[in-house]
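A.B. asks: Okay, handing you the structure first.
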Amino acid sequence: MFISDFLDINDPVLTFDKFMEGMDLKKYLKNVPKHYTGRNRYNSVDMLKTVLFGFMSEGYISLRELEDNCKTNIRFMYLMDNETPSYKTFENFINDVLSDSIEEIFNDVNKKIFEEESVDLNHMP
């Protein structure tokens, strides 16, 4: 069985995932360290989507909450393909991989929302 089978067709995580797949997320993942030995790395695109969804759904979410949600929340399990990174893995990912592109991600996501939803910023005060 797939985790997506347990999600309602109108679940926000499915809308979020579809929206994010319409973007080139790999361009924000510039500093992903190379894998040489040991355990395989988590999928960087899945990590990015999980971090963004966590902040989108909670407003603010601690790294320990992200870790816990990946173990218990079906939405986060779906985004991470049932993998469970630790809070330290999320911390390293945010600090080492995302720190240089956070503003670019924010700007590009907002731009895409404005384009897809036909938001007219000229009517803003």
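A.B. asks: Along the stretch 97-114, what does the Karplus equation 6.51 cos²θ - 1.76 cosθ + 1.60 (θ = phi - 60°) give for ³J(HN,Hα), rounded to whole Hz, x for Gly and Pro?
C.D. replies: 9, 8, 4, 7, 10, 4, 5, 5, 4, 4, 5, 5, 5, 4, 4, 5, 4, 4
A.B. asks: Right, another one. Ignoring everything but the protein chains, give the 1.4 Å probe accessible area of Met77 in square angstrom, nearest 10.
C.D. replies: Counting only protein heavy atoms, the figure is 40 Å².
A.B. asks: Which percent of the accessible heavy-atom area of the stretch 15-125 goes to carbon and sulfur, probe 1.4 angstrom?
C.D. replies: With neighbouring chains kept in place, the figure for the stretch 15-125 is 48 percent.
A.B. asks: For the stretch 49-95, state which chymotrypsin sites (Phe, Trp or Tyr not before Pro) are in a DSSP loop and have at most 13 other beta carbons lying within 10 Å of their beta carbon.
C.D. replies: Answer in residue order: Tyr60.
A.B. asks: Before I look further, what does the chain give for accessible area per residue, probe 1.4 Å, in whole square angstrom?
C.D. replies: 68 Å²
A.B. asks: A further question on this structure: So what's the back-of-envelope 222 nm ellipticity for the chain, counting only DSSP H runs of four-plus at -39500 (n - 2.57) apiece and dividing by all residues, rounded to 500?
C.D. replies: Only helices count here, giving -14500 deg cm²/dmol.
A.B. asks: Work from the charge dipole of the stretch 39-92 (Cβ charges, +1 for Lys and Arg, -1 for Asp and Glu, about the Cα centre) and give the residue of Tyr42, Met56, Leu66 farthest towards its positive end.
C.D. replies: Going by the Cα projections, it comes out as Tyr42.
A.B. asks: Quick one, which of (1) 2, 13, 25, 27, 21, 10, 2, 0; (2) 2, 10, 19, 22, 20, 14, 8, 4, 1, 0, 0; (3) 2, 11, 17, 18, 18, 14, 11, 6, 3, 1, 0 is the actual P(r) over Cα pairs in 5 Å bins from 0, in percent calculated for this model?
C.D. replies: After the calculation, the listed value that fits is (2).
The values are calculated or read from the model by the stated rules, or taken from the named source; none is laboratory data. As the structure is a computational prediction, the values presented were derived from the model and not from experiment. So basically every Cβ, Gly included, is an ideal-geometry build from the backbone, and we count neighbours across all protein chains shown. The protein model used for the area step is the full one, side chains on, heavy atoms only, and it has no ligands, DNA or RNA in it. Shrake-Rupley method; radii C 1.70, N 1.55, O 1.52, S 1.80 Å.
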